[in-house]
Amino acid sequence: MLTFTPKNGAACTVKIDSVTFDVFPAEAPKEGWALLSHPEETMKSKQVVSWPGEYDFAGISIRAVGQDLGRQVSYSCNMEGVKVAFVDTPILEWPDADQDKMGDVDILVIAADDPKKVTALVEAVDPRVIILFSVKGGDLAGVAKACGMATLQTVDEYKVKQGALPQDNRQVVVLG
């Protein structure tokens with residue numbers, strides 16, 4: 001079971017069994033696993049992933065995709081058979097080569113930045129679930145509407161497992 005919860009100062013926290021990690025925290029944590037959107041100059045912890053490449057921790061396969069000459073990092077993770085991509089702000093253009101590195105995506109966790117850029121990436125990767133998180137200067141309501149959410153509703157937690165992903169439609173979740 002994957003559990004996504006909002007976290008102040010980060011996109012979200014993800015829990016899988018006994019492993020918990022923060023996604024895009026404002027600062028690298030001193031303890032615990034984390035995925036950063038910008039590479040660290042000096043590695044403060046072996047539990048922090050911040051550079052493009054392939055990683056494996058606690059049974060989670062991670063592919064970190066560098067954009068803007070490696071200055072921004074997004075992630076594609078395989079967790080319990082569910083493929084989850086994490087994309088932070090600013091949303092950049094995703095050329096085919098970067099989309100290929102990301103691979104298939106079941107759940108797209110993305111910054112509610114610019115509706116046009118988010119929509120373009122959603123159409124390109126075609127996820128079954130979109131999880132939006134609020135960012136400073138973003139347009140949460142506009143992005144949610146562009147992704148198909150009629151009325152903006154936030155949740156405190158989103159749980160999912162492989163067999164429970166939507167099959168014939170797309171689900172939009174706003175962490176809040």
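The values are calculated or read from the model by the stated rules, or taken from the named source; none is laboratory data. All of these numbers come straight from a predicted model, not from anything done at the bench. A quick note on method: Cβ atoms are made from the backbone with ideal geometry, for glycine too, and the neighbour counts reach across all protein chains shown.
Pairing each residue of the range 17-43 that is aromatic (Phe, Trp, Tyr) and crowded, with 21+ Cβ neighbours inside 10 Å with any residue that is in a loop (DSSP other than H, G, I, E, B) and modelled with pLDDT of 90 or more, provided the two are 6+ apart or on different chains, yields C-beta distances under 7 Å for Phe24/Leu36; Phe24/Ser37; Phe24/Asp88. Of the residues contained in the range 147-159, none is found to be acidic (Asp, Glu) and under 14 Å from the mean Cα position of the chain (by Cα). If the condition is being among the aliphatic types (A, V, I, L, M), crowded, with 17+ Cβ neighbours inside 10 Å and closer than 20 Å to Arg71 by Cβ, then the range 93-105 contributes only Met102. Within the range 22-55, the set of residues being within 24 Å of Leu92 (Cα to Cα) and outside any loop (DSSP other than H, G, I, E, B) comprises Asp22, Val23, Ala34, Leu35, Val48, Val49, Gly53, Glu54, Tyr55. The C-beta contact set for the range 142-164 (first residue in contact (Cβ under 8 Å) with a residue 60 or more places away in the chain, second residue assigned to a loop (DSSP other than H, G, I, E, B) and among the aliphatic types (A, V, I, L, M), distance under 8 angstrom, 6+ apart or interchain) comprises Lys159/Met1; Val160/Met1; Lys161/Met1.
Here's the yes/no breakdown for (1) surrounded by fewer than 19 Cβ atoms within 10 Å (Cβ to Cβ); (2) modelled with pLDDT of 95 or more; (3) not basic (Lys, Arg):
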residue: Ile91; (1), (2), (3): no, no, yes
residue: Ala112; (1), (2), (3): no, yes, yes
residue: Ala120; (1), (2), (3): yes, yes, yes
residue: Ile131; (1), (2), (3): no, yes, yes
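Of all the listed residues (Thr89, Thr119), the sole one being of a type in the set (S, T, N, Q), out of contact with any Pro (no Cβ under 8 Å at 6 or more places or on another chain) and under 18 Å from His38 (Cβ atoms) is Thr89. Restricting attention to the range 56-68 and to residues that are of a type in the set (Gly, Ala, Ser) and under 22 Å from Trp94 (Cβ atoms), the residue that is surrounded by the most Cβ atoms within 10 Å (Cβ to Cβ) turns out to be Ala64.
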